[in-house]
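Just below is one structure, and these are the notes that go with it.
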Amino acid sequence: MERTITVIPPTANKPKYLRVAAYCRVSTGHEAQSGSLKCQVAHLTKLISENPDWDFAGIYADTQSGIDMCNRDEFNRMLSDCNDGKIDLILTKSISRWGRNTLDTLVTLQQLTAKGIEVRFEMEHISTMDEKVHEIIVAHAAVAQHESHERSL
């Protein structure tokens, strides 16, 4: 019995778009900080929506101290969405907006990187997918933690 092979030509697949979210944070609800949060949200929303290769995965915004990650509802919702496979890339203004506790910052970034989720910090112009960036993140996170400690004195 002779076998027949039927060649099925590939169909044009829609390219995989990155699902991109933004994390924004200020530490207090004071008017000046409220304006900063609005600017962060507006800037990152615009950046995501203007990139044709990105799908908007949401804005996560907290008005909460960056010292303790447990109390940041939106941050934790974002991490949950990452665990559910809803986010490929997270944009944030700076490492200090991500967190002001060096250990928590490093642990969450390593967990996300292990899942293949990239985090980009705009002010520092760095990405967690750059293998050389670990030391830079440690230094910036330590500075942010020190600044928070000085403010609390």
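The values are calculated or read from the model by the stated rules, or taken from the named source; none is laboratory data. All of these numbers come straight from a predicted model, not from anything done at the bench. Virtual Cβ from ideal backbone geometry, glycine too; neighbours counted across all protein chains shown.
Which is polar (S, T, N, Q) and surrounded by 19 or more Cβ atoms within 10 Å (Cβ to Cβ), of SER65, SER49, SER80? Residue meeting the stated conditions: SER65.
Scan the range 95-110 residue by residue and report those that are in contact (Cβ under 8 Å) with a residue 12 or more places away in the chain and either over 12 Å from the mean Cα position of the chain (by Cα) or assigned to a helix (DSSP H, G or I) (or both).
Residues of the range 95-110 that are in contact (Cβ under 8 Å) with a residue 12 or more places away in the chain, as a first pass: 95-102, 104-106, 108-109.
Across the range 95-110, the qualifying residues are ILE95, SER96, ARG97, TRP98, ARG100, ASN101, THR102, ASP104, THR105, LEU106, THR108, LEU109.
Restricting attention to the range 83-107, the residues being surrounded by fewer than 21 Cβ atoms within 10 Å (Cβ to Cβ) and among the polar types (S, T, N, Q) number 4.
If you check SER96 against the conditions, is it among the polar types (S, T, N, Q) and within 20 Å of GLU118 (Cα to Cα)? Yes.
In the range 112-131, the qualifying residues are those that are in a helix (DSSP H, G or I) and either basic (Lys, Arg) or modelled with pLDDT under 95 (or both), and the one that is surrounded by the most Cβ atoms within 10 Å (Cβ to Cβ) is THR113. Given (1) more than 25 Å from HIS43 (Cβ to Cβ); (2) modelled with pLDDT of 90 or more, where does TRP98 come up short, assuming only one miss? Only one criterion in (1) more than 25 Å from HIS43 (Cβ to Cβ); (2) modelled with pLDDT of 90 or more is unmet by TRP98, namely (1). Given the conditions (1) part of a helix (DSSP H, G or I); (2) at pLDDT below 90; (3) closer than 27 Å to ALA42 by Cα, report the number of the one that ARG151 does not fulfil. The failed condition is (3).
When the range 70-94 is limited to residues that are more than 14 Å from the chain's Cα centre (by Cα) and not in a loop (DSSP other than H, G, I, E, B), the one that is modelled with the lowest pLDDT turns out to be CYS70.
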